[in-house]
Structure formats: C-alpha cells, structure tokens
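Only one structure is covered here, and it is reproduced in the block below.
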Amino acid sequence: SKDVYVLGIETSCDETAASIVKNGREIVSNVVASQIQSQQRFGGVVPEIASRHHVEQITLVIEEALKVAKMMPADLDAVAVTEGPGLVGALLIGINAAKAFAFANGLPIIGVHHIAGHIYANQLMQPMEFPLLALIVSGGHTELVVMEKHGSFKLIGETRDDAAGEAYDKVARVLGLPYPGGPQIDKLALESEEAIEFPRAWLEADSYDFSFSGLKSAVINYKHNIEQKGGSVIPSHVAAGFQQSVVDVLTAKTVRAAKEYGVKQVIAAGGVAANKGLRTSLEAIFKDAGIPFYVPPISLCTDNAAMIAAAGTAMFIEGKRGAMDMNGKPGMQL
Ligand code: KG4
Ligand code: ZN
C-alpha cells in the first residue's frame with residue numbers, strides 16, 4: 001500500500017514545532033523553535049509571551065519542515081495538530097495554522113492529544129506492543145496510561161498536585177538554579193556523594209496516583225531550618241535527595257502497574273523521561289522484571305511535532321478525521 005506522509009504541528013506550550021513523518025514511524029523532518037531564552041529571562045512560561053513567539057515562528061517552522069523534507073504540500077496525506085491540553089492561546093495558533101494549511105492544500109486535519117503524542121514518540125524508535133504501559137512525566141503531566149491497542153488510552157494514575165517536571169522546576173528555583181530546573185538538578189544529583197533524606201508520597205497502598213507538593217514543601221522547610229541556624233544548604237545534596245525521592249516513587253509505581261496489567265512493553269515519555277537518574281532506575285528494574293522498557297532519545301522526549309505526526313498517522317489510518325471548526329481544548333481528556 002501507499003506510504004502515508006503526515007505534517008505534525010505542536011504549539012501547546014513553549015515550543016513551536018513542525019515535522020513530517022512517514023508511515024507514523026520515520027522522521028523525514030523535525031523542526032523545533034524553542035523559547036527557552038525568553039523563559040530564562042522570566043523564570044518560566046508566560047502565556048502571552050509564548051503566544052507571541054508561536055505567532056512569529058509558526059509559518060517559518062512549517063516552511064522549514066517542508067524544505068528539509070524536500071516535499072511539497074501536495075506530497076502530504078494529512079495535517080495533525082495538538083488539539084489539547086495546553087495553553088489555549090498557544091494551542092489556537094497551531095490549530096489555526098493547521099486549518100489554513102489543510103484548507104489551502106485540500107488535506108484532512110487531525111486533532112491529537114498532546115499526551116498521546118508523547119506516547120507515540122516511541123513509535124519513531126520501535127513498534128508498539130500491546131498491552132503497553134506508558135509513564136508520562138513532563139512539566140505539565142505525571143500519568144500512568146495503559147494502552148490495549150492503537151488509539152485506546154486508559155488513565156490508571158495521575159498527579160494530585162504538581163507534575164513531576166513542575167516539582168523539579170520549583171525545587172530548582174528554591175536552590176537558585178536557572179530555568180528549566182530538571183536538567184540542572186539531574187546533573188547535580190549525579191555528581192553528589194550525599195543525599196538528604198526527604199519523604200516519599202506513596203499515597204494509598206493500591207493507588208497509582210502521585211503527589212509531589214509535599215516533597216517540594218519538605219525541601220523548602222529543610223532550607224529554611226538550615227538558614228535559620230545561620231547555615232546554608234549544599235545544593236547538590238538537596239538535589240540528590242529530591243531526585244531520589246521522585247525516582248523511587250515513579251519507579252515503584254510503574255513496575256507495580258506493569259506487573260498488574262501484564263504489559264508486553266513499558267515506555268517513558270515527556271521531558272522528565274530525559275532524567276538520567278530515572279532512566280537508570282527504570283532500566284534496571286525492568287531488566288530484572290524481564291519486561292522490555294524503552295525511552296526515546298531526549299530530543300523526542302521533550303515537546304516536538306514528530307510525536308504529534310506519529311500519533312496523528314495512527315488516527316489517520318484508523319479513519320479518524322477532525323473538523324475544520326476544531327478549537328483549542330485546554331482541558332482535553334485522553
Ligand atoms: O515534555 P516537556 O518538554 O514539556 C511539557 O510538556 O511540559 O517537559 C518539560 C519539563 C520541565 O519541567 C523540565 O524541567 C523537565 O521536563 N526536564 C527534566 C529533565 N529535562 C527536562 N526533569 C528532570 N530531569 C531532566 N534531565
Ligand atoms: Zn509535553
């Protein structure tokens with residue numbers, strides 16, 4: 001049968017991205033315009049500023065994706081775009097660009113859930129095997145999802161407060177580290193020879209939910225106590241203790257879920273899946289359990305449009321089509 005080429009567009013948060021993917025598995029081009037410099041200036045994502053960046057970048061990024069692929073719009077089969085969740089103003093810029101491109105070129109449009117995209121990033125590396133368990137850990141998400149087949153997502157656990165990446169970014173700020181804090185804490189933690197003992201939020205015995213706000217408060221209290229006595233904290237010791245607490249809980253709940261659901265494959269996705277401590281811990285535990293475990297390379301863990309094109313291709317093949325009156329869905333359910 002004929003090859004399927006899908007243009008993916010992603011603008012849900014702070015990356016303006018476009019990518020062309022062949023048959024949902026092969027990256028032909030993958031362009032990401034990051035706003036990281038402006039966020040470092042403001043210490044995080046400011047929605048209005050993010051939207052302005054998307055407006056400035058979106059057309060250029062789509063043109064670049066076509067140019068790198070050496071393709072014309074007529075070579076494409078569909079346009080896939082992140083429909084939600086995310087910042088509504090940011091989502092709308094991608095959606096409107098996708099609609100205009102699809103309309104001008106007579107292509108169908110497909111709305112993709114951002115988390116489905118993170119999960120399908122793995123399809124760009126190896127085929128999915130079902131049942132599959134996905135751990136999604138990013139700046140906005142901490143979720144455990146079971147998939148029985150393509151397009152079917154069962155949410156079995158999620159954070160009750162902060163997302164894992166959010167906790168990383170907040171603790172980094174407490175330690176005076178620049179944004180985004182995840183990679184900084186990861187680096188300090190790996191270098192540290194000591195780790196401060198912080199609590200682990202296991203919640204109810206059978207729960208796959210997560211909670212990170214208590215851990216964040218524990219770090220803040222620890223720092224206040226030391227400083228009140230006239231001392232100062234050693235950032236690497238705090239980073240190591242914080243990371244160990246996060247990694248322990250994520251690893252234990254993921255392996256318990258993998259066994260309970262009898263999955264054939266476990267994947268990690270999202271920006272925090274780039275964490276070296278987490279990768280090492282998950283790799284070791286799944287090697288022990290004899291369950292194949294995969295994490296995409298870092299460039300496909302963080303937000304990108306290839307993952308949206310990959311997820312969109314699976315939907316396209318199933319015959320799903322979006323409508324031209326598609327709207328941004330900030331609280332979209334998986
Ligand atoms: O998936 P992503 O690029 O954007 C969202 O959809 O949120 O994830 C960004 C998050 C940030 O919170 C960042 O601090 C975190 O991923 N992150 C990390 C690492 N690299 C990025 N967290 C821990 N360790 C890392 N190495
Ligand atoms: Zn993301």
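Read-outs throughout are calculated quantities, based only on the coordinates presented, and are distinct from any laboratory measurement. Predicted, not measured: the structure shown is a model, and the values here were computed from it. Because the Cβ atoms are built from the backbone with ideal geometry, glycine has one as well, and the counts that use them run over all protein chains shown.
What the table below lists for this structure:
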{"read-out": "For the stretch 63-106: Kirkwood Rh in Å [reciprocal of mean 1/r, alpha carbons]", "value": "11.5 Å"}
{"read-out": "Amide H contacts under 5 Å for residue 210, placed H, 5+ residues apart", "value": "158, 159, 160"}
{"read-out": "Three-way shape label, the stretch 128-295, alpha-carbon gyration tensor, a/c 1.5", "value": "prolate"}
{"read-out": "Crossing angle, helix 164-174 versus the chain [Cα axis fit, 0-90 degrees, rounded to tens]", "value": "50 degrees"}
{"read-out": "Helix 235-260 axis, angle to the chain major axis (alpha carbon atoms, nearest 10°)", "value": "60 degrees"}
{"read-out": "Among the listed pairs 2/259; 2/99; 170/320; 2/149; 253/320, those beyond 28 Å (Cα-Cα)", "value": "2/259; 170/320; 253/320"}
{"read-out": "Share of Cα-Cα pairs in the chain lying beyond 30 Å, as whole percent", "value": "35 percent"}
{"read-out": "Residue-wise HN-Hα coupling along the stretch 138-143, computed from phi with Karplus coefficients 6.51, -1.76, 1.60 (Hz; x: Gly, Pro)", "value": "9, x, x, 9, 9, 9"}
{"read-out": "Cα pair distances in the stretch 190-256, grouped into 10 Å bins until the bin that holds the longest one, percent each", "value": "20, 45, 26, 8, 1"}
{"read-out": "Hydrodynamic radius by Kirkwood, which averages 1/r over all alpha carbon pairs of the stretch 233-334, in angstrom", "value": "16.3 Å"}
{"read-out": "CD proxy at 222 nm, helix term only [per DSSP H run n ≥ 4: -39500 (n - 2.57); per residue of the chain; nearest 500]", "value": "-14500 deg cm²/dmol"}
{"read-out": "Karplus (6.51, -1.76, 1.60) ³J(HN,Hα), θ = phi - 60°, over the stretch 303-316, in Hz, Gly and Pro reported as x", "value": "4, 7, 9, 4, 5, 6, 5, 5, 5, x, 5, 4, 5, 4"}
{"read-out": "Segments 132-145, 158-171, 23-36, 196-209 sorted - mean Cβ within 10 Å per residue, highest first", "value": "132-145, 158-171, 23-36, 196-209"}
{"read-out": "J(HN,Hα) series, the stretch 111-119, from Karplus relation 6.51 cos²θ - 1.76 cosθ + 1.60, nearest Hz, glycine and proline x", "value": "x, 10, 6, 4, 6, 4, x, 4, 5"}
{"read-out": "Antiparallel bridge percentage (DSSP; both residues within the stretch 128-295; nearest 5)", "value": "55 percent"}
{"read-out": "Footprinting exposure proxy for 118, 113, 224 (fewest neighbouring C-beta atoms within 10 Å first)", "value": "224, 113, 118"}
{"read-out": "Angle in degrees between helix 47-69 and the longest Cα principal axis of the chain, rounded to the nearest 10", "value": "50 degrees"}
